[in-house]
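Novice: Attaching a single structure in structure tokens format; questions to follow.
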Amino acid sequence: MELNLSGRTALVTGSSQGIGLAIASTLAAAGARVALNGRRQAALDDAAATVRASVPDADLLTVEADLSTGEGAQSAVEQLPSVDVLVNNLGIFGSADPFEIDDAEWDRYFQTNVMSAVRLLRAYLPGMRDRGWGRAISIASDSSVAVPAEMIHYGVTKTALLGVTRGFAKAVAGSGVTVNTVLAGPTHTPGVEDFVEKLVGSDGPWEERQREFMVTHRPQSLVQRLLEPEEIANMVLYLSSDLASATTGGAVRADGGYVDAILP
């Protein structure tokens, strides 16, 4: 399989670290011109250096913008008016007592995890449709299907993202543009390391604590380990390519078999 994105411009939101950074590196390695996004230019500069360490000839640019606000999304579009591949990776998560999550926190999660994607899909899909080619991928989670009790607000926003994806896929039906969601399973990122520590403590080797986390809090996983960000990025690369032309409106799983269901 040849996954060549030469000549394509991709925007990966929330790409200064974690899954977003891995996606940016993978798309750059496939020949895409990649725009890194985050709220702080210094973090974006560090991320660009990380990408270039593995992809020396990477064609990169940075888009400093807070996409959780309408003003920030408008700024991003002004900096980068047109893209061929949009990856809505930006998201926040955390555990909380569901009875203690107030309206402001619910709104913060929706603005970041849902509305950031809505704003960019609304901005970029018409241009893709007019050009007759485009790829939009949003990063959801196993939590969108199996909402965890300790992070209901996160799970619900990722569930909403599945509906957003399906709706926008219908809006560009028959145009050559595909719109999909990737259901990412529990993935090894700095943020997840902090999350694991919060739930199982910080004593002992990382491998043992990771194993305890998976067995105790994510026992449905069939791979029985945290996924690596590159494994999510590989699925995004495929969906960004010409080879994925028949996949749209879908929730594609890269979850390590976590969701105990045949569909999605």
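The values are calculated or read from the model by the stated rules, or taken from the named source; none is laboratory data. No experiment lies behind these values; they were computed from the predicted model shown. Counting neighbours? That spans all protein chains shown, and the Cβs are built from the backbone with ideal geometry, glycine included.
Novice: Within the stretch 59-84, work out how many residues are among the acidic types (D, E), closer than 16 Å to V114 by Cα and over 17 Å from the mean Cα position of the chain (by Cα).
Specialist: So the first thing to find is which residues in the stretch 59-84 are among the acidic types (D, E), and the list is 59, 64, 66, 71, 78, 84.
When the remaining residues are screened for being closer than 16 Å to V114 by Cα, the result is 66, 71.
Narrowing further to those that are over 17 Å from the mean Cα position of the chain (by Cα): 71.
The total comes to 1.
Novice: Which condition from (1) closer than 25 Å to W106 by Cα; (2) surrounded by 14 or more Cβ atoms within 10 Å (Cβ to Cβ); (3) over 14 Å from the mean Cα position of the chain (by Cα); (4) not aromatic (F, W, Y) is the one that A184 breaks?
Specialist: With (1) closer than 25 Å to W106 by Cα; (2) surrounded by 14 or more Cβ atoms within 10 Å (Cβ to Cβ); (3) over 14 Å from the mean Cα position of the chain (by Cα); (4) not aromatic (F, W, Y) applied to A184, the lone miss is (3).
Novice: If the Cβ limit is 8 Å and pairs must be 6+ apart or interchain, which residue in the stretch 140-164 that is assigned by TED's automatic domain parsing to the domain that holds E100 and touching a residue at least 60 places away in the same chain (Cβ under 8 Å) pairs with which residue that is of a type in the set (D, E) and surrounded by 21 or more Cβ atoms within 10 Å (Cβ to Cβ)?
Specialist: D142/D255
Novice: Determine if the stretch 14-25 includes at least one residue that is in the same structural domain as L239 (by TED's automatic domain parsing), under 25 Å from R131 (Cα atoms) and among the small types (G, A, S). Show your work before the answer.
Specialist: Step one: filter the stretch 14-25 for residues in the same structural domain as L239 (by TED's automatic domain parsing), giving 14-25.
Then keep just the ones that are under 25 Å from R131 (Cα atoms); that gives 23-24.
Subset that is among the small types (G, A, S): 24.
Yes: one or more hits.
Novice: Just to verify a result, which residue in the stretch 72-103, among those that are aliphatic (A, V, I, L, M) and in a loop (DSSP other than H, G, I, E, B), is nearest to N4 (Cα to Cα)?
Specialist: Within the stretch 72-103, the first condition is being aliphatic (A, V, I, L, M), and the residues that meet it are 73, 76-77, 80, 83, 85-87, 90, 92, 96, 101.
Filter once more, so that each one left must be in a loop (DSSP other than H, G, I, E, B): 80, 83, 90, 92, 96, 101.
Numbers: L80: 22, V83: 16, L90: 24, I92: 31, A96: 42, I101: 44 Å.
Step by step, filter the stretch 72-103, then rank; the result is V83.
Novice: Here's a follow-up. What pairs come out if I take residues in the stretch 195-217 that are closer than 23 Å to I92 by Cβ and pair them with residues that are modelled with pLDDT of 90 or more and among the aromatic types (F, W, Y) whose C-beta lies under 8 Å away, six or more apart or interchain?
Specialist: Within 8 Å, the pairs are F195/F93; V196/F213; L199/F213; V200/F213.
Novice: Quick check: anything in the stretch 79-101 free of Cβ contacts under 8 Å to residues at least 60 places away in the same chain, among the charged types (D, E, K, R) and either more than 26 Å from S245 (Cβ to Cβ) or loosely packed, with under 14 Cβ neighbours inside 10 Å (or both)? Before the answer, list the steps.
Specialist: Within the stretch 79-101, the subset free of Cβ contacts under 8 Å to residues at least 60 places away in the same chain is 79, 81, 96-101.
Going one step further and asking which of them are among the charged types (D, E, K, R), we end up with 97, 100.
Going one step further and asking which of them are either more than 26 Å from S245 (Cβ to Cβ) or loosely packed, with under 14 Cβ neighbours inside 10 Å (or both), we end up with 97, 100.
Yes, some residue in the stretch 79-101 is free of Cβ contacts under 8 Å to residues at least 60 places away in the same chain, among the charged types (D, E, K, R) and either more than 26 Å from S245 (Cβ to Cβ) or loosely packed, with under 14 Cβ neighbours inside 10 Å (or both).
Novice: What residue, among those in the stretch 209-246 that are among the hydroxyl-bearing types (S, T, Y) and surrounded by 14 or more Cβ atoms within 10 Å (Cβ to Cβ), is modelled with the lowest pLDDT? So that I can check it myself, show each step before the final result.
Specialist: Taking the stretch 209-246 as the starting set, the residues that turn out to be among the hydroxyl-bearing types (S, T, Y) are 216, 221, 238, 240-241, 245.
Right, trim to surrounded by 14 or more Cβ atoms within 10 Å (Cβ to Cβ) and you get 221, 238, 240-241.
Working: S221: 92, Y238: 98, S240: 98, S241: 98.
Per the stated criteria, the residue is S221.
Novice: Sticking with this one: Output the residues belonging to the stretch 126-171 that are modelled with pLDDT under 95, over 17 Å from V192 (Cβ atoms) and within 19 Å of the chain's Cα centre (by Cα).
Specialist: Selection gives V145, V147.
Novice: Right, something else. So which residues in the stretch 48-71 are closer than 21 Å to S240 by Cα and part of a helix (DSSP H, G or I)? Outline the logic, then answer.
Specialist: The initial filter retains those residues of the stretch 48-71 that are closer than 21 Å to S240 by Cα, namely 48, 51-52, 54-55, 57-63.
Matches in the stretch 48-71: A48, V51, R52, S54.
Novice: Further question: Hey, does the stretch 7-17 have a residue that's surrounded by 15 or more Cβ atoms within 10 Å (Cβ to Cβ), hydroxyl-bearing (S, T, Y) and not in a loop (DSSP other than H, G, I, E, B)? First the steps, then the outcome.
Specialist: First, the residues of the stretch 7-17 that are surrounded by 15 or more Cβ atoms within 10 Å (Cβ to Cβ): 8-17.
Next, only the ones that are hydroxyl-bearing (S, T, Y) stay: 9, 13, 15-16.
Then keep just the ones that are not in a loop (DSSP other than H, G, I, E, B); that gives 9.
The answer is yes; a qualifying residue exists.
Novice: Shifting gears a bit: Kindly indicate whether T181 is assigned to a strand (DSSP E or B) and over 19 Å from S95 (Cβ atoms). Can you show your working first?
Specialist: Working: assigned to a strand (DSSP E or B): yes; over 19 Å from S95 (Cβ atoms): yes.
Considered against the rule, which asks whether it is assigned to a strand (DSSP E or B) and over 19 Å from S95 (Cβ atoms), T181 comes out as yes.
Novice: Let me ask something else. For V236, only one of the following conditions fails: (1) part of a helix (DSSP H, G or I); (2) under 24 Å from Q17 (Cβ atoms); (3) not assigned by TED's automatic domain parsing to the domain that holds R135. What is its number?
Specialist: Against the list (1) part of a helix (DSSP H, G or I); (2) under 24 Å from Q17 (Cβ atoms); (3) not assigned by TED's automatic domain parsing to the domain that holds R135, V236 comes up short only on (3).
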